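In what follows, a single structure is set out as C-alpha cells and then discussed.
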Amino acid sequence: MAKSELYGKDLICTQDWSLEELEQVLKLARQMKASRFSDQYTSLLRHRTFLMFFYNPSVRTRQSFEAAATELGGHAQFLEPGGMRLRTKSSAGETIEDAARVMSRYACGMGIRILEGKIEAYGDGDELIRQYAEQASIPVINMADDKFHPCQGLADVMGMREAFDTDSLKGKKLLQIWGHGALARAWCSVQESLLINSRLGMDITVAYPRGYDLDPQVMDQVRANCTAAGSTFEILNDSRAGYEGADVVYSRNWMSPVAYQGGLNRQEEIEKAMQYRDWICDESRMDLTNDALFIHPMPVDRGHEVSDGVASGPRSIIYDVAENRLHVQKAVMAQTMGE
Amino acid sequence: MAKSELYGKDLICTQDWSLEELEQVLKLARQMKASRFSDQYTSLLRHRTFLMFFYNPSVRTRQSFEAAATELGGHAQFLEPGGMRLRTKSSAGETIEDAARVMSRYACGMGIRILEGKIEAYGDGDELIRQYAEQASIPVINMADDKFHPCQGLADVMGMREAFDTDSLKGKKLLQIWGHGALARAWCSVQESLLINSRLGMDITVAYPRGYDLDPQVMDQVRANCTAAGSTFEILNDSRAGYEGADVVYSRNWMSPVAYQGGLNRQEEIEKAMQYRDWICDESRMDLTNDALFIHPMPVDRGHEVSDGVASGPRSIIYDVAENRLHVQKAVMAQTMGE
Amino acid sequence: MAKSELYGKDLICTQDWSLEELEQVLKLARQMKASRFSDQYTSLLRHRTFLMFFYNPSVRTRQSFEAAATELGGHAQFLEPGGMRLRTKSSAGETIEDAARVMSRYACGMGIRILEGKIEAYGDGDELIRQYAEQASIPVINMADDKFHPCQGLADVMGMREAFDTDSLKGKKLLQIWGHGALARAWCSVQESLLINSRLGMDITVAYPRGYDLDPQVMDQVRANCTAAGSTFEILNDSRAGYEGADVVYSRNWMSPVAYQGGLNRQEEIEKAMQYRDWICDESRMDLTNDALFIHPMPVDRGHEVSDGVASGPRSIIYDVAENRLHVQKAVMAQTMGE
C-alpha cells in the first residue's frame, strides 16, 4: 500500500474531515474486516509504536485500539498519565510542547482519552487533545473526549451500512434518544453520531427530557449539516413520539448540562436520571418504528436505557458495531500512520 | 500445524479435560520447550490478541502468559478490571454476556484470574470464569481461581516427568503437605495438583493440621480419581508421618476454610498459621523419603513452608516447574486458539 | 549479526563498562538511528520478552524502552511491582534469588527503575538492582536508580557528538549546574553525566548552591576520571561564574543530601530549592559561554531550571537527546541480549 493522502492527519472529530476522507477510511475498514489477517495489512505498522493515553479508563476502547495496533504489526503502549506531571496553571510540570515533541520521536501516532472527571470544565478534554495535536508531529487520534468520539461515529456508520446492505443512509430516519440509567454517560458518542449521520443525509430526530440539552454549538452544526444535506432535523421532549417511522433507534443515557458545571456529582446525576423511567427503548416503542435497527455504543445499561428483548433482539447491531470499532481504528491508523 | 482437536476448548480445571487431551498438551509443551523459538511455533497466534483479566495481581502468571503470547507471535493485553463496571446484584453495569461477546470479536482467547479478596464466597471466582466461558465464543483459560489452577497442575506434571525421566508417575507417592507461613495462600494450586496427579495414578497422601480441610467436593473427586486409577489415597494430620517413602513432596501453605466464610481476615489467618511451626519441609523430614523431589508453585515462603536447604537443594525442581508454566501455557494457547 | 562480546552483560552504571564497550554501543546506536527499521535490526530480539520493573513511574523511560523492544522485534512487559511481595527485613515474601531465577527463564533481559520514595536510604535502589543482577542469568539494565542512569548518560554523549559533529568531546567544557525548581529531582542523571563525560575527557565544572553536594564517592570517581583523562575538574558555588567558556551547559535541579536522610519530604525540598531564584540557565548567562549547547534529561521545569528561550533555542538539543534514549537502549539491548 502506498502512503495514503491521509498520512499525518489527526482525527479529533469526524466533522474535521471531508466526507471523501471519511469514506476512504470506511472503505478500507470494510476491506480489512473481510480479510482481517491478510498479509497486505499485517505489516502496515510493522515494529511501530502507538501511544495510548488513558486519562479515563476504558475497556472496549483500550482492547480495540491495542488489538488494532497488533493486527497491523505494531504495538500499542497502554499509558495512564497518573505518573506524568504535566504543567497546569497552578503546578509545575512538563509542557505539552515538550511531551508531544519527544513522543513524536518514539511513536508513529498517539491516542488520547479524556472525559469528565479528569477535566475542570466541558471542552477542556477536547482542548487538551487539540493542543497535543498542535505540538506533535505525529497523528493524534481522539479515543473519546468530552465532546467527540470519532471512531465510535465511524463504527456506527459501518454497522448501519452492513445491516441495511447499502452505503446510502440518505433519507433514513435516525432517532437519537435519551435513556434513563444508572451510569451517567458523557456526550461524546451521541454528539459524534449526530454530526456524522447528519452529514450523510439521515433525517435526524433527537429526543430527551427537558433539561438534558446537548452542546448548543454541536447542535447548531448538526442542524447546518442537515440543511446542507437536504434532510430534516427536529428535537422532541417526548419519550415515545420519535419512534414513529424510525429506521434506526440509538437509545443512550447522557448527563444533563448541570453535570458539566462546577464539578461532576455523579450520584446526583444518576438519581435525577433514574426518575425518568418512561425513557427506555422497549418492544412496545420499537413496534412504532419502520422495523428499526437498535444501535448503542456500549456498555449497555440493560433495563434502563433499553430492554433486554430489544438489546438482544434480531434488529440489535450492538456487537457488530463494537467489532467495527476495531476495523475503523485499524483503517484510521493505517491511513494516517502507515508508511 | 493443522487446527487442533482442542481448538475452541476452555480450560478451567484439568478435571474437565480427558487424559488424552491433557497428554496432547503436555506433549506439545515438551516439544516447545526443546525448540522454544522454532519457526513452527512463532506464528501460531500471529497478530492475534489474548486478553488477560487480572482481578487479582500476579507476577509469574502475568509474565508467563504474556511471554507465551509473544513467543507464539501474538500479543497479550494486560487488563485490570478495576475500570470495568460489570453488573452485580446490587449495582448497574455491563452484563457478562455483553462483555464476553464483544471480547470474542477482538481476541482469539482470554484468561481470567480471580481469587479470594475479589469474591464474596468460595466458588464465586470459578463461577465467574464459567459464566464468561458460557458466553464467549473464544476459549477461556483459568489463570487461577479460588478452586483450580490448571496451568500450574500441568506444569507440575511436566516438571516431575522431566526429573524422573519418565512419563509414568503411576505408583509414585505424592505427599501434598500443608506448611506454616505468613502469606495465607489460596487452595487452587494444591487442589489442582491433587486432581491431576490422582488421575495419573500417583499414590496420594494429603497432610495438614486439623482445621485446614480443603474443599470436600474436590477431595471426593480426588478419592474417586484414585479409585479409578487403582492408587491409594489418605489424609493425615501429622507433620512428619507422610514423608515416609514419598517420591515427591509438595509443601505449601493454605488458608483454613474459615477464611472463605464471611470475608477474609488475612492477618488472622497468618497468625493462626504461624503457630504451627512444626509444619515445615526440612532436611530431617526429607531424609525419611525415597529421595523425594521437592515441588512448589512459588512464590516460596522460605523458612516457613520449606527450609532454604530443601528449596535450593539438588532435588528441588521449583525453577523448572515455574519455567514449565510458560511451555504448557504456550501449548494450551496454541491448541485451543491457533488457527 | 553475530552474538556480541557484550552478550549477557548487565548495565548498571557506565563506569562499570570499559570505554571500548561503551563505544561499541554508541556506534551501533548511531547506525540504528540512521536505519531505524532496517531488517538487520528488527528481529534481533524476535519474540523475546524484556521485563520492565517500574518501582517508580516514568513517562519517557517507559515509552523508550518499550518502543526499543518493539523495534527489535521483541516485547517489553510493563510491570509495577506493587503486587509483588518481595521479602524484606521485616516481612515475609519471595527472595530476590527466587524472583530473578524464574524471570531468567521467561525473559531475555530485565530493566529496573527504583528511586527515592521507594527506598529507605540513598543507595538502596542501586543495591537492589545489583542483587537482581547477581541472581539473574539474564542481563539487568538500570532504568534509573538513586545513583545512576546509564542510558541517559549514553544518550547525552550521543547528542553532544551529533551536535558537535565529532566523536571527540576531549577538552570541551561541560558545565553541570544546579537549577532551582519545583520538582525535586534525583541525582542519577547528573551523576551519570559527570561519570561518563569525565572519562571522555571533558573539562568538568560542577556548580551548585552550598548544601547541594552530590554523592562524595561519585565525585571522587569523577575527579579520578578527570585525572586519568588529563582534563580539569572544579566545583563552584556560584550561579554565573561557571558559564564562562562552557561548550555544554547541563542545568538541572537536584535534591539536597538531606532529602536522602530519614525519609524524603518532597514539599520541604521544593520550598528550599525555590528560594534560589538566581539559579536558572537563561540567555544572559548563556551569552557568557562558547556558544554552548543546552542539554537536559527532561522533563524540563521551564522558568525554573532554564528559561523558555534557552530550552527552545537553537542550541538546545533536548529533543535529540530524548530521542537518543531509544537508540542507545536498542543498542544496549541488542548487544547484551541479542542471540
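Every read-out reported here was derived from the displayed coordinates using simple, explicitly stated rules and does not represent laboratory data. Because the structure is a prediction, the values reported are computed rather than measured. As a convention, Cβ positions derive from the backbone with ideal geometry for all residues, glycine included, and neighbour counts pool all protein chains shown.
Given the options C:K89, C:K272, C:K147, state which has the largest fluctuation in a GNM of chain C using a 10 Å cut-off (strictly under) for Cα springs.
Maximum among the listed residues: C:K89.
For B:45-58, what's the mean count of beta carbons from other chains sitting within 10 Å of each residue's beta carbon?
The per-residue average across the peptide is 3.
Check each of the GluC sites (Glu not before Pro) in region C:139-247 and keep only those in coil by DSSP with at most 13 other C-beta atoms within 10 angstrom; list them in order.
Passing both the DSSP loop test and the Cβ count: C:E244.
Determine, for B:Y250, B:Y122, the number of other Cβ atoms within 10 Å of each Cβ, and report the residues in order from fewest to most.
The fewest-first ordering by Cβ neighbours comes to B:Y122, B:Y250.
Given +1 on the Cβ of Lys and Arg, -1 on the Cβ of Asp and Glu, and no further charges, what dipole in debye does region A:1-89 carry about its Cα centre, rounded to the nearest 20?
Charge dipole of region A:1-89: 320 debye, to the nearest 20.
Quantify how strongly other chains surround peptide A:69-76 by giving the mean number of their Cβ atoms within 10 Å of each of its Cβ atoms. Walk me through the intermediate numbers first.
Values: counts 3, 12, 6, 1, 2, 2, 9, 3.
Mean number of neighbouring Cβ atoms from other chains: 5.
Could you identify which residue out of C:A229, C:A322, C:A144 has the top mean-square fluctuation in a GNM of chain C using Cα springs shorter than 10 Å?
Looking only at C:A229, C:A322, C:A144, the largest GNM fluctuation is found for C:A229.
Shielding by partners for C:99-105, please: the mean number of other protein chain Cβ atoms within 10 Å of each residue's Cβ.
Mean shielding count: 6.
Once you keep just the Cα pairs under 8 angstrom separated by 6 or more residues, what percentage relative contact order results for chain C?
Value for chain C: 23 percent.
Once the label point is set 7 Å along the Cα-to-beta-carbon vector, what list of distances in nm do you get between C:K118 and its counterparts in the other copies?
Result, one decimal in nm: 2.2, 2.2.
Within region C:153-170, which residues have the backbone N less than 14 Å from the label spot 7 Å out from C:E23 along Cα→beta-carbon, could you tell me?
Flagged as within label range: C:167-170.
What relative contact order, as a whole-number percentage, does region C:152-317 give when Cα pairs under 8 Å and 6 or more residues apart are counted?
It rounds to 29 percent for region C:152-317.
Looking at B:T88, B:V102, B:P150, which one has the Cα that reaches farthest to the positive end of the dipole of region B:73-150 (charges on Cβ: Lys, Arg +1; Asp, Glu -1)?
B:V102
Arrange the following residues from fewest to most other Cβ atoms within 10 Å of their Cβ: A:S168, B:S189.
So the residues, fewest neighbours to most, are A:S168, B:S189.
How long are the semi-axes of the equivalent ellipsoid of region A:77-221, defined as square roots of 5 times the Cα gyration tensor eigenvalues? Whole Å, largest first.
They are 32, 19, 12 Å, listed largest first.
Which distances, shortest first and in nm, link B:L86 to the matching position in the other copies, using label points set 7 Å out along Cα to C-beta?
Distances to the matching label points in the other copies: 3.2, 3.2 nm.
Of the residues C:R60, C:R105, C:R48, which exhibits the maximal mean-square fluctuation in a Gaussian network model of chain C defined by a 10 Å Cα contact cut-off?
C:R105
Would you mind working out the magnitude of the charge dipole of region B:139-248 relative to its Cα centre, with +1 at each Lys and Arg C-beta and -1 at each Asp and Glu C-beta, to the nearest 20 Debye?
80 debye
Can you tell me the FRET efficiency between B:T166 and B:Q217 if r is taken as the Cβ-Cβ distance and R0 is 30 Å, rounded to the nearest 0.05?
0.40
Taking the Cα centre of the protein assembly as shown as the origin and placing charges on Cβ (Lys, Arg +1; Asp, Glu -1), which of A:A34, C:A229, A:I114 is farthest toward the positive end of the dipole?
A:A34
Treating the beta-carbon of each Lys and Arg as +1 and of each Asp and Glu as -1, no other charges, what is the dipole magnitude of the protein assembly as shown about its Cα centre, to the nearest 20 debye?
Its charge dipole is roughly 1040 debye.
Kindly flag which residue pairs out of B:K33/C:K9; C:K27/C:K170; B:K147/B:K272; C:K33/C:K118 have an alpha-carbon separation exceeding 27 Å in this structure.
Distance filter (> 27 Å) returns C:K33/C:K118.
Assuming R0 = 51 Å, what is the FRET efficiency of A:T88 and B:E268, from their Cβ-Cβ distance, to the nearest 0.05?
In this case the efficiency is close to 0.70.
Just how many % of Cα pairs in region A:153-317 lie over 22 Å apart, if you round to the nearest whole percent?
So the pairs more than 22 Å apart make up 37 percent of the total in region A:153-317.
Compute the FRET efficiency between B:A224 and A:E127 as 1/(1 + (r/R0)^6), taking r as their Cβ-Cβ distance and R0 = 51 Å, and round to the nearest 0.05.
0.20
State the answer as a single residue: which of A:G179, A:N265, A:G313 lies farthest towards the positive end of the charge dipole of region A:153-317, with beta carbon charges of +1 for Lys and Arg and -1 for Asp and Glu, about the Cα centre.
A:N265
Roughly speaking, what is the centre-to-centre gap between region C:13-35 and region B:144-216 when only Cα atoms are used, to the nearest Å?
Their Cα centres are 49 Å away from one another.
Within a 10 angstrom radius of the beta carbon, how do A:M84, A:M160 rank from fewest other beta carbons to most? Before the final figure, lay out each step's value.
Working: A:M84 18, A:M160 26.
Result, fewest neighbours first: A:M84, A:M160.
Kindly give the distances from C:L19 to its copy-mates, label point to label point, with each label point 7 Å from Cα along Cα→Cβ, as nm values to one decimal ordered shortest first.
6.9, 6.9
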